[in-house]
Structure formats: structure tokens, C-alpha cells
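Below is one structure, written out as C-alpha cells; the observations come after it.
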Amino acid sequence: MDPENPAYTYTAAKPPLPETPEQLRARIPGWGVDLDPADRPSFPRERFDPDLNGAHWEFPERQPERFPRERSIEHAFLTPVFGTATPLKGASGAVRRCAYRYGEARTAHWLLLIAADRVDSLEETVRSFASRHPDDPVTETGVRAELTHHGWRSRVGRGRADVHHQVLDPVVVAAPWVLGGVVGYRAVRALVRRVR
């Protein structure tokens, strides 16, 4: 679709169905089970009137795109309004751009977005260590609160249903920091040896 002529995209207009409801019902078992208003629980309160949406436009005014934004390949163009609070940056941004090469129905799209979040978390941790106020893994992960705010009692108290996974909690919280420390130590040691 052409962004200048949005036709059905982001408007109240509906594209014609490629098949009639009767053809779809004959081909797909169970198709259109909610066509009869009596079969819809919301029917007594349901009112469809596209003029009641309060909008004063047929197609919303397009927000200016100041820098390239990621866009799902299912959409012909960028949505009329989009978020600008967190622009893509660094390696996590590159991974997110790669994710949008795949459709939203593909597992690769979502796995890459999850990986980008993890990369972003790592980038922010590294960035914090390069700043004057690095992250404090002891207080920010809640380790100190375990010792000062009844951590043990809250874990073994009556009524807790999630006690079986608690053995993994220290691993999940501490393992990335321990692993990062070991990698950092080895990197510094290798650098010192190379300089000597």
C-alpha cells in the first residue's frame, strides 16, 4: 500500500473479503461461529458505530520520522504514530533491526527481540562500569535485602507455592556476575601478559 493513499490501513474502511462468508463456512469448519449476534455474550451491550470514535480525521496525521524506525514487514509503512523514547543504539539496536526482517509470526523475530533485550542489559551494565556510578550488584539484585528484611522467613513461610525453584535463584542472580568477573579477570590477565 502507498503511504500517501492508505486505503484500508489505519482507517475505519474494511477491505473486501476474498471469499464470501458462505464459502469460508463451507471450507473451514467452525468459521463464523459468532456471526449470529445471539451467540455473542457481549451482544446486548454491543454497538458498532464508527462515527462514535471521537476522531476528527479519516486517517491520522503522520508523525514525522526524525530517524529510521523499525517496522514490521506485515505493515506497508510505518504506523502514523510511534514511540521515540528509546531509539535503537549499539549492538542491541543492530539485533533489533535484524529481528524486523522477519514477520511477527516467525519465531526468529521474537527470539531476536529477546536476545536484543539481553544484549541491551549487558551494554548498560558495561556502560555503568565505565561511569562514575557503577551498578551495585549486591543491593540492586536484592542480595542484601535477603539478609536484612526477613528473606529466609519469606521463602519458607506457610502458603508458599513456589518453593521448588528457589534453589536456582542464587544461580540466576549470581551466575552472570560471577561469569562476567571470571571473563574480565582473564581478559585483564591476558592483556597484562601481552604487555610484558
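Rounded, prolate or oblate: which one fits the stretch 101-196, using the alpha carbon gyration tensor with axes a ≥ b ≥ c (rounded when a/c is under 1.5, else prolate when a/b beats b/c, else oblate)? It is oblate, given that a/c is not under 1.5 and a/b is not larger than b/c. Restriction of the trypsin sites (Lys or Arg not before Pro) in the stretch 79-163 to DSSP coil positions whose beta-carbon has at most 16 other beta-carbons within 10 angstrom yields Lys89, Arg101, Arg106, Arg132, Arg158, Arg160. With a simple spin-label model that places each label point 7 Å from the Cα along the Cα-to-Cβ direction, the separation between Arg127 and Glu61 comes to 3.2 nm.
The phi-based Karplus calculation (6.51 cos²θ - 1.76 cosθ + 1.60; θ = phi - 60°) puts the 3J(HN,Hα) values of the stretch 17-33 at 6, x, 10, 6, x, 5, 5, 5, 5, 6, 8, 10, x, x, 5, x, 5 Hz, whole numbers, x for Gly and Pro. Considering only Ala91, Val163, Pro64, and ranking their Cα positions along the charge dipole of the stretch 63-196 that arises from unit charges at the beta-carbon of Lys, Arg, Asp and Glu, the one farthest toward the positive end is Ala91.
Rolling a 1.4 Å probe over the protein heavy atoms of the stretch 91-196, with every protein chain left in place, gives an accessible area that is 63 percent carbon and sulfur. Quick check on the stretch 79-133: take the gyration tensor over C-alpha atoms, sort the square-rooted eigenvalues as a ≥ b ≥ c, and tell me if it's rounded (a/c under 1.5), prolate or oblate. Judged from the Cα gyration tensor, the stretch 79-133 comes out oblate (a/c at least 1.5, b/c at or above a/b). Using the 1.4 Å probe convention, the accessible area of the stretch 54-196 works out to 80 Å² per residue with neighbouring protein chains retained. Placing a pseudo-label 7 Å from each Cα along the Cα-to-Cβ vector at Arg196 and Ile28 gives an inter-label distance of 7.0 nm.
May I ask you to list the GluC sites (Glu not before Pro) in the stretch 85-140 that are in a DSSP loop and have at most 13 other Cβ atoms within 10 Å of their Cβ? Hits after loop and neighbour filter: Glu104. Rounded to whole numbers, the Karplus 3J(HN,Hα) couplings from phi for the stretch 111-127 are 5, 5, 5, 5, 4, 5, 5, 5, 5, 4, 4, 5, 4, 5, 5, 4, 4 Hz, using 6.51 cos²θ - 1.76 cosθ + 1.60 with θ = phi - 60°, and x at Gly and Pro.
The values are calculated or read from the model by the stated rules, or taken from the named source; none is laboratory data. The shown structure was predicted, so the numbers you read here are calculated from the model rather than taken from an experiment. When we count neighbours, we look across all protein chains shown, and the Cβ atoms used for this are built from the backbone with ideal geometry, even at glycine. Protein only, heavy atoms only, side chains kept; ligands, DNA and RNA dropped before computing areas. Shrake-Rupley method; radii C 1.70, N 1.55, O 1.52, S 1.80 Å.
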